[in-house]
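Here the structure comes first, spelled out in structure tokens, and everything after it is commentary.
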Amino acid sequence: MTRRRFRYVPFTIEQDRTAGPEYEARCVSGDETECGAESGTHSGPGPVEEWQRRHTQETGHQRYRRSFGDYAVMRPPAELADLVRANGGTA
């Protein structure tokens with residue numbers, strides 16, 4: 001039987017700066033059914049907010065579900081990262 005030992009490693013979670021965040025909104029106005037109109041995905045909040053303003057002007061709808069998405073990377077502490085590099089990718 002093979003045994004494995006797991007150790008706690010204090011990784012930090014950071015936003016991946018190589019991949020931009022994504023913003024979008026969906027109109028959820030409506031009593032029985034939601035409108036469902038969508039802003040589309042954008043790299044900043046400005047175009048989404050402008051879409052919301054226009055949609056409200058055109059329809060009178062005032063309730064939106066906003067979404068923000070990004071990518072995260074797990075960073076090991078510096079001493080562990082150095083050890084992994086020194087051992088060819090394994091700690």
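Points worth noting:
- Residue identified as over 19 Å from Pro21 (Cα atoms), among the acidic types (Asp, Glu) and open to solvent by 40 Å² or more (accessible area, probe 1.4 Å) among Glu49, Glu58: Glu58
- All positions within segment 1-34 that are loosely packed, with under 11 Cβ neighbours inside 10 Å and among the aliphatic types (A, V, I, L, M): Met1, Val9, Ile13
- The number of residues in segment 61-80 that are open to solvent by less than 100 Å² (accessible area, probe 1.4 Å) and not polar (S, T, N, Q) comes to 10.
The values are calculated or read from the model by the stated rules, or taken from the named source; none is laboratory data. Please read all numbers here as calculations on a predicted model, not as lab measurements. Quick reminder, even Gly has a Cβ in these numbers, built from the backbone with ideal geometry, and neighbours come from all protein chains shown. Side chains are part of the model used for accessible areas, which takes the heavy atoms of the whole protein and leaves out ligands, DNA and RNA. Shrake-Rupley method; radii C 1.70, N 1.55, O 1.52, S 1.80 Å.
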